[in-house]
Amino acid sequence: MIIACNRTKPRRTGGIITRVPQTERYQRPTGLAFFLIIAGIIAFAAAFALTLDKIHLLEDPNAQLSCSFSVLIGCATNLSSPQGAILGFPNSLIGLAAWSVIITIGVAIVAGARFARWFWIGLNVGLLGAIAFVIWLIVQSIFVLDVLCPWCMVTWAVTIPAFLAVTLYNFKVGNLPGGPSVRRAAAGAYSWLFVITIVCYIAFFIVAQVNMDVLNRL
């Protein structure tokens, strides 16, 4: 959707410089907004399911959780480990709060909101923290806990493209610093977001396979 914004432009008339309105075109990132909404709903649902499973474990440490499929695939180990409550409470509660914000931002953009540059940078910083946290959790799951949590992997799978989409968009439109070449590169990468995300998934699977022998343990 294109939104017109008025901006003044200097004009010389009879030796006197006046300013006349000039229209600046702003393209609302509707596609990104819908993606944030869908991604947020998926990740929120995963965080909610993890929270319910944590409650079941607190009620009964021997409870059979819906996410437990095998020795390799399950969330009980993750939920009971220190890594599952890095701030002293279940990580899933962080997800419930954070993804609610992402959904709200997406809905606001669709509704016509136009956020300031500092807001987009703040969102990018938040997602940078999220992707760093996800990478740490992936390392802990593969190299320390030796188990893959299904609901956790759903969150990881959503966080990766969300971070990439917002970061590339911010570079593309100039919210993040960079010259014309950086903007062009970001615009090109933005159009290949799906492929880049798949490459990230493949890299994760290769690391998991090498260190956990996933295919033979399923």
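Just a few scattered comments:
- Selection status of A108, closer than 30 Å to G174 by Cβ and out of contact with any helix residue (DSSP H, G or I) (no Cβ under 6 Å at 6 or more places or on another chain): yes
- Set side by side, the residues I94, I86, I105, I73 differ, and just one is in contact with a strand residue (DSSP E or B) (Cβ under 6 Å, 6 or more places away or on another chain) and within 23 Å of I160 (Cβ to Cβ), which is I73.
- The helices (runs of 4 or more DSSP H) found wholly in region 105-218 and carrying at least 3 residues that are on the phi < 0 side of the Ramachandran plot and under 14 Å from the mean Cα position of the chain (by Cα) occupy 117-139, 150-173, 193-212.
- Residue in region 70-86 that is assigned to a helix (DSSP H, G or I), modelled with pLDDT of 90 or more, open to solvent by 70 Å² or more (accessible area, probe 1.4 Å) and of a type in the set (A, V, I, L, M) present: no
- Taking residues in region 82-110 that are basic (K, R), and partners anywhere that are at pLDDT below 95 and in a helix (DSSP H, G or I), not one pair has Cβ atoms closer than 7 Å while being at least 6 places apart or on different chains.
The values are calculated or read from the model by the stated rules, or taken from the named source; none is laboratory data. Predicted model only: the values in this text are computed from it and were never measured. Methodologically, a virtual Cβ is constructed for each residue, glycine included, from the backbone with ideal geometry; neighbour enumeration extends over all protein chains shown. Surface accessibility is based on the protein's heavy atoms, side chains included, excluding ligands, DNA and RNA. Shrake-Rupley method; radii C 1.70, N 1.55, O 1.52, S 1.80 Å.
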